[in-house]
Amino acid sequence: MAWRLRLVPETTNINFFAIQWVTFGSSIFAMVASLVLIFTMGLNFGIDFRGGTTIRTESTVAVDVADYREALSGIDAGDVSITQVFDPSFREDQHVAMIRLSAREGEESVTPEVIAEVEAALQTIDPAITFPSVESVGPKVSQELITSALLAVLAGAIGILAYVWVRFEWQFAVGTVAALIHDVLVTVGIFALFQIKFDLTIVAALLTILGYSVNDTVVIFDRLRENLAKYKQMPLREMMNLTANETLSRTIMTASTTFISLSVLFIFGGDVIRGFVFAMLLGVVLGTYSTLYMAKNIVLMLGVDRSDKTKKPGSGEFANVDA
């Protein structure tokens, strides 16, 4: 008999509703806390959204942020942010820094003259320093990008809502979208809490999270729909537990393999994609959690139209044993 790796036993009997108010309440608290963090601390917008210029430097001499700042102190370059970049993939003599310049008041962008002054000032510290990339974004473009990013995430959520509604029932669609909002909102809240740079790559990660999370949720809901036709007299709460246990092995295996792949990218992929990968790692964990502990709870609260038509949508109660 062939040996197969199992992360969970072949048959499980976990009661996912045993502490339903704790798990569901924790999700609501995390969403509210994320909103508070976003509106109080704000997001650390990258150059894509904030406007200005980012200069990437490379040198064989170790980066001294204090020396860089002192060299730039005599330049009227608006707000200056200097960050040393660390990456395991860098050579031993490869030292990288990111210098972010905001446009001076009254100007729409950082002028080429200011960029040239900055580069000349840094060359006084290390004449061999190079500038592999210089990226500039104007304030008008950055505002358009913020609007487009919000619309992209909203359009993705609406599309998923319509898809699940057509394929299943409206209760499933509401549960799915609530779980997706949870995943995206908490991810953005964590970025606000730790002031991690938020740019267009993070928006791409959020859209990817939507797709990943809905895939896991749809698999469970598809099995639940089969069980609704198979076990017509089984209470909805028990049926949901049965369905979650039947698909648990697949859920954990998918999340684990995805997490391992992303972890490798996070460590060795380089600083350019690290923010994107970190958002995806959060999305995998949150997506798995919300599928098991949030989406199902909302469907249980709303109730479903059983195949024998004796139960009506909305007749379910969160703590009841039947819908």
With each label point set 7 Å from Cα along the Cα-Cβ vector, what nm distance links Leu154 and Val80? 4.0 nm
Once you have all Cα-Cα distances for segment 52-137, histogram them in 5 Å bins from zero and send the whole-percent values. 3, 15, 28, 26, 16, 8, 4, 1, 0
For Val65, placing the label point 7 angstrom along Cα-to-beta-carbon and taking segment 84-101, residues whose amide nitrogen sits under 14 Å are 84-86, 96-100
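Compute the semi-axes of the equivalent ellipsoid of the chain, taking the square root of 5 times each eigenvalue of the Cα gyration tensor, and list them largest first in whole Å. Show your work: numbers first, answer last.
On the way: eigenvalues 482, 96, 41 Å².
Semi-axes from the Cα gyration tensor: 49, 22, 14 Å.
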Taking the simple approach of a point 7 Å from Cα along Cα-to-Cβ for both Val36 and Glu144, what is their distance in nm? 3.8 nm
Point-to-point label distance, Phe259-Ile196, nm (Cα→Cβ direction, 7 Å offset): 1.5 nm
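Every number in this text was worked out from the coordinates using simple rules, so none of it is lab data. Just so it is clear, the model here is predicted, and its values are computed rather than measured. Positions of Cβ are generated from backbone atoms using ideal geometry, with glycine treated the same way; all protein chains shown enter the neighbour counts.
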